[in-house]
Structures are given as C-alpha cells and as structure tokens.
Amino acid sequence: MPSHSSRILAMEPYFGGSHRAFLEGWIVHSGLEWTVLSLPPRKWKWRMRQSAVTFAENLTKVLRNSDGDSSIHAMITKDLPPLDAVFCSDMLNLAEWRGLAPRVVREVPNIVYFHENQLTYPVQHPDERDFHFGFSNVTTAIAADAVWFNSDSHRDAFLNAAENLVRRMPDHAPIDAVNSIRKKSFVFAPGIEIIQPVSGRSNAPRPMRILWVARWEYDKSPALFFDALSAFSESGRRRFEVSVLGESFRECPKIFDSAKERFVDEIVHWGYLESRTEFEQAVRSADVILSTSNHEFFGIGVVEALSAGVFPLTPNALAYPEVIGRSCVPGTIEEHFHDSSALGIASRLKELDDRLQRRGTVWSNEVDQEQMTRNVEDLFSWNDHAPRMDAALIETIQRYESELRE
C-alpha cells in the first residue's frame, strides 16, 4: 500500500446528473486525495468523441506549466501531484486517452465506472444504434485495469452484448478480450444521500400521492406512467395526487405537456427541483414511487425514495429485482412489481390505495417499511459505501504495483 494517502485523478466528460452526484458523493465521504477533471454535461456524443483529446491536451499543458483550458476543469491546478490511479466513467474513451496523455499520468492503474453503456442503452428504433459508441465502451473496458459496474444486471448485459458485437466482426473477433474484461469486472452500486423518513404522519384517509423521479425521456416510458394514472383515476373515480420531478431537456417527450393539462387538479409538484431540501420534502411526502422505465442500470432516484420509506412499484426487470431484492424484507419482493401495462399498474395502485384508506399506509405493515429503510441505509449510504469503494480502489493500486514488481 502507498505510504501516503492514495492520490486519484478522476475524469468525467459528462459532469452532470447521476455522474456528478456519484463522483461528488464519493469524494465527500472518501479518505483518498482527489483531483477532478470534468466537462459540462452537454452533447454526450461529442463528449464521448472528443473528451480523450481535450483531457490529454489540458493535462499536457498543466504539466508543462502553461495555461490549460480553465473552462473544462473543476478542481485541477498546475501543481498536479504524483498520481496513484486514474478513475473515469464510461463516457471517456480510455484507450484513446491512454494513447494521448502524458506518460506520467497514463502509467498508473486505470479504473472505469460504467453508469450506462451504449450497447444496451435503449433506442427508439433499432437502426438508430451507433455501434461506434458501443465499441468505444468495449475498447475502454479492454484498456482499463479494473471495470466497475453499478449492478450485476448491468455487468451481465454489457458483457453479453459485447460478446455478441465482436462475434459479428468479419474476422479477428477479440473474444479473448471480452473474456479478459469479464475477469476484471466488479460491481459497486452507487452510494446515495439518505432521506430521513417523515415522522408523525396522520393515518386519516387522504388521496394517495404518487411520485415520478426519472429523467423526462422516452426510455423512462412516461406515456405508460400517465396512461396508468388515467386508468387508476377511472377505476372507481379514485382521487390521488402526483409529483412529477426529474430533469427535463430540450427535446422533451410531448406527453408531458398534455399530461400537465390532463392532471392539473392532481399535480402537487411539477418539474425539476434545484433545491435538495425541496426535493427531499417532495419525496418524503409521497406514498408510492412508480417506475415505468424500460431502461435502468441501477435507479438512484428509486433507492433514495426507499430510504425515505416510500413504497416502490417497479417493473419486474432491469436492475429492479436485484436492487429491491437486496433491500426488502425476504418474501415480500413480488409486492413491489407491476406487469408494465397501464391496466396492470392501475390495478396495483388500486390495491395500495385500498390499503391506505383502510389502514393509513400503503405498506402491509410498519415492520416491512422500517426494515427496508434500514437495509437501504446499510447497503447504499455513502457513509458506509465510500470506505468500501476506497478499499477496492486501493486494492487495484496494490495489485498493479505487485504486477509491476513481478
């Protein structure tokens, strides 16, 4: 183990959303020394194509004591310390960066964290998939000394897709390279900021409050979400409230505009909440967090809501069986899934609403709710999670140094 506190250079080409929350959360709770090089979260395709060149050039200028491009970094200075490791996300083409970067920073162990990948990320039409980006993810994983994924299901999906992709090559298919990725792959779920559950909530009958926390994009299936709310509303004239949070972007599905008009009387919160305090208050006030996503490699928003004692209702697919299965009381996992149809979701919401009106809570019992919130805190709180990730990163450094000595 290094005699000093291990010094890590983190590079994040898309410093926003879950990528930023992950890196900042870890650093705040980490015992390592970090330097962060980042780019604003815009034009993700260009970030994947050019960030390796941009980061390599800026590091070269910094090390030569010339002026780097100050607009691209978060915390880097001209006094860049000797490094023990480089940590990056899947948005960086690590193979390109290692070929372009100054030797002093590239000849240390490199760890890549896959928040998502471009081989299995859903597209609206199959012919829209650009396999160049997917293969960039493959070469990044090949170039890394350790490959971290945010869930088992994500790791397995990526490795299967990578093998299928290389087998389509006309010759020289790097099957052995995919096998080497498999051997150096590990799973580290992202940590979360725990949201303390509300206390002293009244058990008097009231409208059930339903929560959406996902990005406002097609892969989260917003049409299914709002169709399910309509079906639920029409099943016995059910009253409910809805908070639709999450980030929206320039190209936002039109369903959100029509839904805002359709559910004007039910909406409590609408749109992204910049204030963390306001976001936590909105989450705490919910009874059910409903996910209709057809893409989820982990689900930070859902897990944060679980920490607040909100009842999760999700597809029985993607990372949800893994994440919810680890969090909930044994034998209760099926209660948290729906069949991904509007009528099926409405039927589950009706069951939960019946329970709320009868017992004052959507949970079958308070013990299950309390146990899940405790499990989430034990599994995913940054306070406990960051030291485990620190230890894993240090282990990679030690293994790299041992291999050099051999």
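For the range 115-130, indicate whether the set of residues that are surrounded by fewer than 22 Cβ atoms within 10 Å (Cβ to Cβ), within 16 Å of the chain's Cα centre (by Cα) and over 20 Å from Trp44 (Cβ atoms) is non-empty. Looking for residues that are surrounded by fewer than 22 Cβ atoms within 10 Å (Cβ to Cβ), within 16 Å of the chain's Cα centre (by Cα) and over 20 Å from Trp44 (Cβ atoms), one finds none in the range 115-130, hence no. Going residue by residue through the range 134-141, is there one that turns out to be without any contact (Cβ under 8 Å) to a residue 40 or more places away in the chain and among the β-branched types (Val, Ile, Thr)? Checked the range 134-141: no residue is without any contact (Cβ under 8 Å) to a residue 40 or more places away in the chain and among the β-branched types (Val, Ile, Thr). Take the conditions over 23 Å from the mean Cα position of the chain (by Cα) and either acidic (Asp, Glu) or outside the structural domain of Asn150 (by TED's automatic domain parsing) (or both) and apply them to Glu335. Does it pass? Here the answer is yes, as Glu335 does meet what is asked.
One residue is enough: does the range 245-254 have a residue meeting the conditions touching a residue at least 12 places away in the same chain (Cβ under 8 Å), in contact with a Ser or Thr (Cβ under 7 Å, 6 or more places away or on another chain), not charged (D, E, K, R) and not assigned by TED's automatic domain parsing to the domain that holds Arg42? Within the range 245-254 (the criterion being touching a residue at least 12 places away in the same chain (Cβ under 8 Å), in contact with a Ser or Thr (Cβ under 7 Å, 6 or more places away or on another chain), not charged (D, E, K, R) and not assigned by TED's automatic domain parsing to the domain that holds Arg42), the answer is no, since none of the residues qualifies. Screening Ser364 on (1) outside any helix (DSSP H, G or I); (2) more than 18 Å from Arg201 (Cα to Cα); (3) among the hydroxyl-bearing types (Ser, Thr, Tyr); (4) over 28 Å from the mean Cα position of the chain (by Cα) shows it passes everything except condition (2). Within the range 299-339, being among the hydrophobic types (A, V, I, L, M, F, W, C), in contact with a Pro (Cβ under 6 Å, 6 or more places away or on another chain) and in a loop (DSSP other than H, G, I, E, B) holds for one residue alone: Ala308.
Does at least one position in the range 170-178 carry a residue that is touching a strand residue (DSSP E or B) at 6+ places or on another chain (Cβ under 7 Å) and either within 26 Å of Gly299 (Cα to Cα) or without any contact (Cβ under 8 Å) to a residue 40 or more places away in the chain (or both)? Walk me through it before giving the result.
Of the range 170-178, the ones touching a strand residue (DSSP E or B) at 6+ places or on another chain (Cβ under 7 Å) are none.
No; the residues of the range 170-178 include none that is touching a strand residue (DSSP E or B) at 6+ places or on another chain (Cβ under 7 Å) and either within 26 Å of Gly299 (Cα to Cα) or without any contact (Cβ under 8 Å) to a residue 40 or more places away in the chain (or both).
Looking across the range 100-114, the residues that are part of a helix (DSSP H, G or I) and out of contact with any strand residue (DSSP E or B) (no Cβ under 8 Å at 6 or more places or on another chain) come down to Leu100, Arg103, Val104.
The values are calculated or read from the model by the stated rules, or taken from the named source; none is laboratory data. Quantities reported herein were computed from a predicted structural model and do not represent experimental measurements. Ideal geometry is used to build each Cβ from the backbone, glycine not excepted, and the neighbour counts take in all protein chains shown.
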